[in-house]
Amino acid sequence: MNKAEVVKLILKDRPTNTKLESATAFAPTNIALIKYWGKRDCAINLPVTDSLSIALANKGATTKISLIDQAEDEYWVNEQLMAADSAFSTRLNAFLNLFRFQRYHFKVETKINIPIAAGLASSACGFAAVVKALNELFAWQLSDAELSILSRMGSGSASRSIWQGFVHWQAGIREDGMDSHGIALKATWPQLCVGLAIFNSAKKSIGSTEAMNRTVATSKLYSAWPQQVSNELAAIKSAIANHDFNALGMISEHNALSMHATMLSAWPPILYAQPETLSMMNLIWQLRDQGLPIYFTQDAGPNLKLLFEEKASDEIRLQFPNVEIIRPFTC
Ligand code: DP6
């Protein structure tokens, strides 16, 4: 099965023309607390394991897609025209090739309010916003699960960026991946905060796709990963249901560090941490020893995302003056 076949399956009987000139949609970025790391099918981004994320409310991508009468697409990010031969344009162009029905060309104007490619899931919200905007443009009226599957054709983690709140991406078992999509959890947690501690907005040294493929292919530690994810997923779901913050923090931090351990044991090794990453980890562990309930998670980049509850926010601001605090359930 390839991406074009998946798109065909989802869009059978759906309109391929439109009277609209453009449509706009927003998708939040998401931070995985239980990580997606490894694919069972690279062609259509089917994961080895389930994963679970939290959406970052109003942080994400707002994307307008217009049909244009030109020979080439045009991509704008934060009001800057992207060079046609840039990695960004090449990836988005390949994705949009799946939706050109009547030989359409598209102008895509995206506003992203998080640093791009610094491990803050800008591609996740980016692809999800494109899919949502196309759904509006062509009036497909797809279900959220179908939007999630189409977003997965752009990037695995994009399948979780359709919803706000906690999202569980089920790996599924089908070869066509029709059971591999996000499911929103009903739970809310108004006190929960995510702190974005961005000290490095540089482009990552190695992209997540290549990093996870290399890990699966070469890391001896990877064989322990699926069982760990399965145990931690069950445990974090119960922590969420009981608003047990220490359990949620501990499971998330442990899951992230274990994912990075699999990367360190890959060959050639992959290390996203920078000196500032390690200083911040040490500070977080020290503060926790002193009684402050704070944990972190880390993705395919050097920046950490802090996890804490509202009552700790004054102390967090004091300790991390540059941190941006997101309240996923209250704004
Ligand atoms: C570390 O979704 O970027 O952020 O499917 O190859 O596009 P592709 O990978 P991507 O990987 C995200 C990896 C992660 C963990 C996560 O978000 O679950």
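Every read-out reported here was derived from the displayed coordinates using simple, explicitly stated rules and does not represent laboratory data. If you're wondering where the values come from, they're calculated on a predicted model, not measured in any experiment. Here Cβ is always computed from backbone atoms with ideal geometry, including for glycine, and neighbour counts include all displayed protein chains.
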Practice prompt. Show which lysines lie in cross-link reach of K220 when reach means a straight Cα distance below 19 angstrom and same-chain residues fewer than eight apart are skipped.
Written response: K35, K39
Practice prompt. Take the Cβ-Cβ distance between L271 and K12 as r, set R0 to 30 Å, and report the resulting FRET efficiency rounded to the nearest 0.05.
Written response: 0.10
Practice prompt. Report the calculated FRET efficiency for N246 and N113 (r = Cβ-Cβ distance, R0 = 25 Å), to the nearest 0.05.
Written response: 0.25
Fill in: Kirkwood Rh (inverse of mean 1/r, distinct Cα pairs), region 66-201, angstrom
16.3
Worksheet entry | Net lengthening on full extension, S86/A217 (0.36 nm per residue, minus Cα-Cα) | 44.4 nm
Discussion item. Please list, ordered by chain and number, the residues whose modelled amide H lies under 5 Å from the amide H of K59; skip anything fewer than 5 residues away on the same chain.
Written reply: T29
Practice prompt. Please return the longest stretch of the chain lacking exposed loop sites, where trypsin sites (Lys or Arg not before Pro) count only if DSSP places them in a loop and at most 14 other Cβ atoms lie within 10 Å.
Written response: 204-331
Fill in: Subset of K111/K311; K8/K132; K8/K305 violating a 28 Å alpha-carbon distance limit
K111/K311; K8/K305
Fill in: Relative contact order of the chain, defined on C-alpha pairs under 8 angstrom at six or more residues apart (%)
21
Discussion item. At 7 Å along Cα-to-Cβ for each site, give me the label-to-label distance between A184 and I206 in nm.
Written reply: 3.7
Practice prompt. Quote the FRET efficiency, to the nearest 0.05, computed for W285 versus E5 with a Förster distance R0 of 41 Å and r equal to the Cβ-Cβ distance.
Written response: 0.30
Worksheet item: Could you work out Rg/(2.2 N^0.38 Å) for the chain, with Rg from alpha carbons only?
Response: 0.98
